[in-house]
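See below for the structure under consideration.
The values are calculated or read from the model by the stated rules, or taken from the named source; none is laboratory data. Model, not experiment: these values are computed from the prediction. Methodologically, a virtual Cβ is constructed for each residue, glycine included, from the backbone with ideal geometry; neighbour enumeration extends over all protein chains shown. In case anyone asks, the SASA skips ligands and DNA or RNA and just uses the protein heavy atoms, side chains included. Shrake-Rupley method; radii C 1.70, N 1.55, O 1.52, S 1.80 Å.
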Amino acid sequence: MALIDNCPLADLLANRIRESRDDLTARGLERIAARVSVDPRRIFPTQDLLNHVPILMDGIAAYVANPASIISSDMAVVDKARELGALRHAQGFDQYQILKEFEILGGILLNFIGEVAETSNVECSKGELIACAQRVFHAVSLIQQATSTQFLQLVTDRVAEREERLRAFNRALTHEFRNRIGASLGAGLILEMPEIAQAKRSELAALIVRNI
């Protein structure tokens with residue numbers, strides 16, 4: 001990335017992303033709400049969760065200014081991304097909707113940096129602008145990975161839990177079948193004995209009927 005070392009546009013974009021993070025969050029919220037069957041008030045149901053995206057924006061801005069500040073090592077940003085993944089899982093989002101949410105976020109940010117570059121007086125080359133866009137893309141991808149990983153882990157855990165419950169049900173059902181078949185078989189063998197009284201035969205026949 002030597003091409004944009006000390007690039008003033010990168011610093012300007014980072015600052016503008018920080019300054020406009022609430023507006024960018026609102027844009028994203030509006031577009032996500034238009035695409036998923038979740039009430040807008042439930043997309044970020046609490047103020048604390050609504051603050052997740054601005055924190056993610058700060059992480060993106062830091063990466064645009066300095067790629068050495070790897071997002072994956074910034075636990076505050078990663079934690080918020082994971083919490084977002086857990087929220088989307090609880091809300092019933094699917095994997096496609098998660099990917100679409102970050103596609104929307106990336107598109108909003110790329111449009112935004114284009115607007116900033118177009119209206120600013122900072123001199124930069126086309127290569128520097130493209131490199132800044134690559135930083136935004138990479139930053140969004142890293143956050144998407146953290147969110148998706150948490151989402152998929154929860155999906156996997158839920159599937160494993162359901163499979164274990166199903167196995168436990170099958171074990172219980174098999175045990176019950178064995179008991180009833182065993183009782184019926186035993187009663188049938190006794191019925192074959194010629195010395196069994198009629199009253200006992202009726203009792204054993206009723207036992208077989210109940211079990212079968």
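In debye, nearest 20, what is the charge dipole magnitude of the stretch 114-212 about its Cα centre with +1 on Lys and Arg Cβ and -1 on Asp and Glu Cβ, if you could check? Write down the numbers at each step before the final one.
On the way: 12 positive and 12 negative charges, 154 e Å.
It works out to roughly 740 debye.
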Fill in the blank from the handout: Dividing the helical contributions, -39500 (n - 2.57) per DSSP H run of n ≥ 4, by the residues of the chain yields a 222 nm value, nearest 500 deg cm²/dmol, of -27000 deg cm²/dmol
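How about the stretch 144-204: which GluC sites (Glu not before Pro) there are in a DSSP loop, with at most 16 other Cβ atoms within 10 Å of their Cβ? All intermediate terms of the calculation are to be shown ahead of the outcome.
On the way: sites: E161, E163, E164, E176, E192, E195, E203; in loops: E192, E195.
Passing both the DSSP loop test and the Cβ count: E192, E195.
Could you tell me the calculated FRET efficiency between E19 and E103, based on Cβ-Cβ distance and R0 = 22 angstrom, to the nearest 0.05?
Rounded to the nearest 0.05, the efficiency is 0.40.
Would you mind calculating the gained length between I190 and I212 on full extension (0.36 nm times residue separation, minus the Cα-Cα distance), in nm to one decimal?
Working: separation 22, 0.36 × 22 = 7.92 nm, distance 1.65 nm.
Full extension of this stretch gives 6.3 nm more.
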Problem - Folded to 0 to 90 degrees: helix 95-119 orientation relative to the chain principal axis, Cα - result: 0
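Need one word for the stretch 118-212: rounded, prolate or oblate. Basis is the Cα gyration tensor (sqrt eigenvalues a ≥ b ≥ c); a/c below 1.5 gives rounded, then a/b vs b/c decides. Before the final figure, lay out the partial values.
On the way: a/c = 11.13, a/b = 9.08, b/c = 1.23.
Cα axes put the stretch 118-212 in the prolate bin.
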Handout entry: Debye log10 I(q)/I(0) for the chain, one point scatterer per Cα, at q = 0.07 Å⁻¹
Key = -0.40
Completion exercise
Computed over the chain, the relative contact order (Cα-Cα under 8 Å, seq sep at least six) in percent reads 26
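At 0.36 nm per residue, minus the direct Cα-Cα distance, what do D157 and Q145 gain on full extension? Give it in nm, one decimal, please. It would help to have the intermediate numbers written out before the result.
On the way: separation 12, 0.36 × 12 = 4.32 nm, distance 1.79 nm.
Roughly 2.5 nm would be gained on extension.
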Exercise for the section: Springs between alpha-carbon atoms under 10 Å, Gaussian network over the chain: tell me which of I17, I104, I143 tops the mean-square fluctuations. Expected result: I104
Handout entry: Apportionment of accessible area to carbon and sulfur, the chain, percent (1.4 Å)
Key = 56
Fill in the blank from the handout: Cα extents of the stretch 151-193 along the principal axes, largest first, in whole Å, come to 64, 7, 5
Exercise for the section: Note the full-extension length gain between A199 and T119 as 0.36 nm times their separation in residues minus their Cα-Cα distance, in nm to one decimal. Expected result: 18.7 nm
Problem - Selection from A14, V78, Q153, by position along the positive dipole direction of the chain (Cβ) - result: Q153
Practice task
Please work out the average accessible area per residue across the chain, using the 1.4 Å probe convention, and give it in Å².
Solution key: 59
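Below 8 Å between Cα atoms, with a sequence gap of 6+, how large is the relative contact order for the stretch 138-212 in percent? Show your work: numbers first, answer last.
Values: 21 pairs, mean separation 22.0, N = 75.
Normalised by residue count, the contact order of the stretch 138-212 is 29 percent.
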